[in-house]
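Single-structure report; data block below.
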There are 2 protein chains.
Amino acid sequence: GGVDKGVDFANYFCTYAYLYHQKEMLCDRVRMDAYYNAIFQNKQHFHGKTVLDVGTGSGILAIWSAQAGARKVYAVEATKMSDHARELVKANNFEHVVEVIEGTVEDISLPEKVDVIISEWMGYFLLRESMFDSVICARDRWLKPTGVMYPSHARMWVAPIRSGLADQKMTDFESSMDDWYKFLDETKTDYGVDMGVLTKPFSEEQKKYYLQTSMWNNLHPQQVIGVPAIIKEIDCLTATVEELLHVRANFSSSITLENTRFSGFGGWFDVHFRGSSQNPARQEIELTTAPSQDNGTHWGQQVFLVHPPLRVQEGDKMAVSISMTRSKENHRLMEVEFTCEMRQSSGTQPRPFTKKFFIE
Amino acid sequence: GGVDKGVDFANYFCTYAYLYHQKEMLCDRVRMDAYYNAIFQNKQHFHGKTVLDVGTGSGILAIWSAQAGARKVYAVEATKMSDHARELVKANNFEHVVEVIEGTVEDISLPEKVDVIISEWMGYFLLRESMFDSVICARDRWLKPTGVMYPSHARMWVAPIRSGLADQKMTDFESSMDDWYKFLDETKTDYGVDMGVLTKPFSEEQKKYYLQTSMWNNLHPQQVIGVPAIIKEIDCLTATVEELLHVRANFSSSITLENTRFSGFGGWFDVHFRGSSQNPARQEIELTTAPSQDNGTHWGQQVFLVHPPLRVQEGDKMAVSISMTRSKENHRLMEVEFTCEMRQSSGTQPRPFTKKFFIE
Ligand SMILES: Nc1ncnc2c1ncn2[C@@H]1O[C@H](CSCC[C@H](N)C(=O)O)[C@@H](O)[C@H]1O
Ligand SMILES: Nc1ncnc2c1ncn2[C@@H]1O[C@H](CSCC[C@H](N)C(=O)O)[C@@H](O)[C@H]1O
């Protein structure tokens, strides 16, 4: 909708044209194991079937689908990575099954409808990159009424966390402002121009950068200090773009650690491979990006830091509402707003606060 | 010529919309001193005159021009930084002199021709960003026949250098390839796909990244091991875009250090403020980005590393030809090719070599 294709290629697709980046995904064993097991433990979904791989990248999911017995796989890739995918398909002797098509899935055309749509479309905090839009488009155009989606379901999670990054970021912000004031002095003294009027916009710019931008982080499970909540469930077979444009939820959580610091929220997602209700998976597979000591993913978690951190006690409760929309300037980036009301067991009740974040 | 504006804003202009980035330039004292002295030691060029500032950014050069007595300054800025520039002009009480205009200088229109065009258009190795094209366009449209350019001249320099970065980059490349082979094994064993066919394109991608991309570096003067050569001189009053599209030069250099390593070439530039021949500067000012212990700039030098490094002796001679063109994919980036023939005083004569680099 109204997206300049040239800009989208310059801003978004470009990184996927590097084997280096594809390799990063191919080295994520949690991700790889989940798709691998989903396919090979549910071969009945692939055997003799037609498959569409939306955003095939290196071609890995298309080749697995072929190995699981697919009759025909359409592997669509927007970038020049398609050339490498084609080579890889050939080297693994599936050129008679896998057809690699260069183009966006929105633009290309297939000679038939398909039984399965497989795609690894998930971005940070699930929806960053907005690539699921493309999967929906492909589904509505090319999936048979009896078709199944791989993955079939997705969920977004949020939990209160503690993190030393909050102090770090505040220190960074403050030292950037100290620097600014020194710069103001020097520019006035040495170069005769008073830049004081730019202090407010500069401080807002830096605040946005240091304090209002969510961060990639690999949280340790012990940094999760309260009960995680599901804020969104997606049925990949029926979801619409509309319901993704604005994700809204209210949830409550209670602190599960005694005497700790609430530094903000962590967000992650999981997806499931369950087939469809008429055609359920023999073996359900889960891919989770929840905080984990040993099974971290390249997605990590998104961390939304609140300043200053709040001392909290076991049993303290919080009522949270979260709202996520797409950035007006770039539909692949997100803006998230949290409103949070604490009810502390001590009886004190801090003022409710609202904080806005940018997922860049 | 044929540049998609949306892509250019997404790829190029975007960073200039941040005060943080403008501040980096405003904190470069070598840069600031040069423009400050050029203006205030040549007030006769500004007093009572009309000035066009191409790419005013924060507005600093426009305000200095006004402080030096300009009757009118047109300060043109492509990005939203123009709003900040307007505020800064007002806070420094020059809103009656400086008119900030948001737009690219190619698109905007002025009510009159100007006496002076001032601009800080220099990118890495002078020409990266290709912003001088815009200055030429402004000059041809808006400069009076008697007008002067600030700066008035520019030169590009190249010298043989030594640098430990060459070993570093080779090690990085090799360890990336070691990683790749481990990845190949694992993907074959654990996931049943042979990715060997991608080894060549991956290695080329990584070679380009680690070994063929020029690097920003702040060279120490002692890292320059031979006589620097000028490869291009530009008269800003008469230069054409054509002559910038392809910069070609042959030069020779001799090694000035006894028994050292030749690791490649360093490239930098200087610009001069000399006024025009009818209207020369009272005080000529130079802004140089040559290697310097105490007067480094944010431009640093561009370093083009040759692998492996070559042992060289004082008096060894090299005949070099250099060719620089714009990248086909992005006219603001450059491709540089060096051909180098050594004549060593020892009598041995290594094979001439040709190396291509990307300035990204
Ligand atoms: N609308 C679209 N049409 C075609 N390809 C798309 C697309 N949107 C994103 N892509 C591609 O989808 C890929 C997502 S990354 C996943 C790659 C591969 N399926 C794997 O699992 O390893 C990228 O290569 C990206 O270029
Ligand atoms: N064609 C063009 N038209 C208008 N502005 C341009 C332009 N090309 C580059 N610019 C702007 O030129 C500026 C160059 S950086 C220099 C900023 C300022 N004159 C200073 O000396 O501090 C950037 O802000 C960039 O956005």
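Brief remarks follow.
- The set of residues in the range A:1-54 that are touching a helix residue (DSSP H, G or I) at 6+ places or on another chain (Cβ under 7 Å) and either part of a strand (DSSP E or B) or within 16 Å of ligand 2 (Cβ to nearest atom) (or both) comprises A:Val51, A:Leu52, A:Asp53, A:Val54.
- The range A:198-219 - residue that is in contact (Cβ under 8 Å) with a residue 40 or more places away in the chain and part of a helix (DSSP H, G or I) and, of those, farthest from the other protein chains (Cβ to nearest Cβ): A:Leu211
- For the range B:27-51, a residue qualifies if it is over 22 Å from B:His153 (Cα atoms) and within 13 Å of chain A (Cβ to nearest Cβ), and exactly one does: B:Cys27.
- Residue match in the range B:124-133 (condition: of a type in the set (Asp, Glu), more than 16 Å from ligand 1 (Cβ to nearest atom) and over 30 Å from B:Gly296 (Cα atoms)): no
- Qualifying residue in the range A:307-320 (condition: over 25 Å from A:Met131 (Cα atoms), basic (Lys, Arg) and not in a strand (DSSP E or B)): no
- Among residues of the range A:15-26 being more than 8 Å from ligand 1 (Cβ to nearest atom) and facing chain B (nearest Cβ under 9 Å), the one that is nearest to B:Gly192 (Cα to Cα) is A:Lys23.
- Meets criteria (loosely packed, with under 14 Cβ neighbours inside 10 Å and either more than 23 Å from the chain's Cα centre (by Cα) or in a loop (DSSP other than H, G, I, E, B) (or both)) for B:Ser292: no
- Every residue from the range A:29-80 that is within 22 Å of A:Cys137 (Cα to Cα), more than 11 Å from ligand 1 (Cβ to nearest atom) and either at pLDDT below 95 or among the β-branched types (Val, Ile, Thr) (or both): A:Thr50, A:Val51, A:Val73
- B:Val193 vs. criteria in contact (Cβ under 8 Å) with a residue 12 or more places away in the chain and not in a helix (DSSP H, G or I): no
- Looking at B:Met156, B:Met195, just one residue is within 19 Å of A:Glu87 (Cβ to Cβ), surrounded by 15 or more Cβ atoms within 10 Å (Cβ to Cβ) and not small (Gly, Ala, Ser), and that residue is B:Met195.
- Condition broken by A:Glu329, with the remaining ones in (1) acidic (Asp, Glu); (2) in contact (Cβ under 8 Å) with a residue 24 or more places away in the chain; (3) in a loop (DSSP other than H, G, I, E, B) satisfied: (2)
- On inspection, A:Gly48 fails the criterion of being on the phi > 0 side of the Ramachandran plot and surrounded by 17 or more Cβ atoms within 10 Å (Cβ to Cβ).
- Members of the range B:95-122 found to be more than 15 Å from ligand 2 (Cβ to nearest atom) and of a type outside the set (Val, Ile, Thr), listed by number: B:Glu95, B:His96, B:Pro111, B:Glu112, B:Lys113, B:Asp115
- The single residue among B:Asp194, B:Asp235 that is closer than 17 Å to A:Lys23 by Cβ and either touching a Phe, Trp or Tyr at 6+ places or on another chain (Cβ under 9 Å) or modelled with pLDDT of 95 or more (or both) turns out to be B:Asp194.
- Qualifying residue in the range A:54-75 (condition: farther than 22 Å from A:Met122 by Cβ, within 13 Å of another protein chain (Cβ to nearest Cβ) and touching a residue at least 24 places away in the same chain (Cβ under 8 Å)): yes
- Only one entry in B:Trp121, B:Trp157 is aromatic (Phe, Trp, Tyr) and part of a loop (DSSP other than H, G, I, E, B), namely B:Trp121.
The values are calculated or read from the model by the stated rules, or taken from the named source; none is laboratory data. Model, not experiment: these values are computed from the prediction. Every residue, glycine as well, gets a Cβ built from its backbone with ideal geometry; the counts of neighbours run over all protein chains shown.
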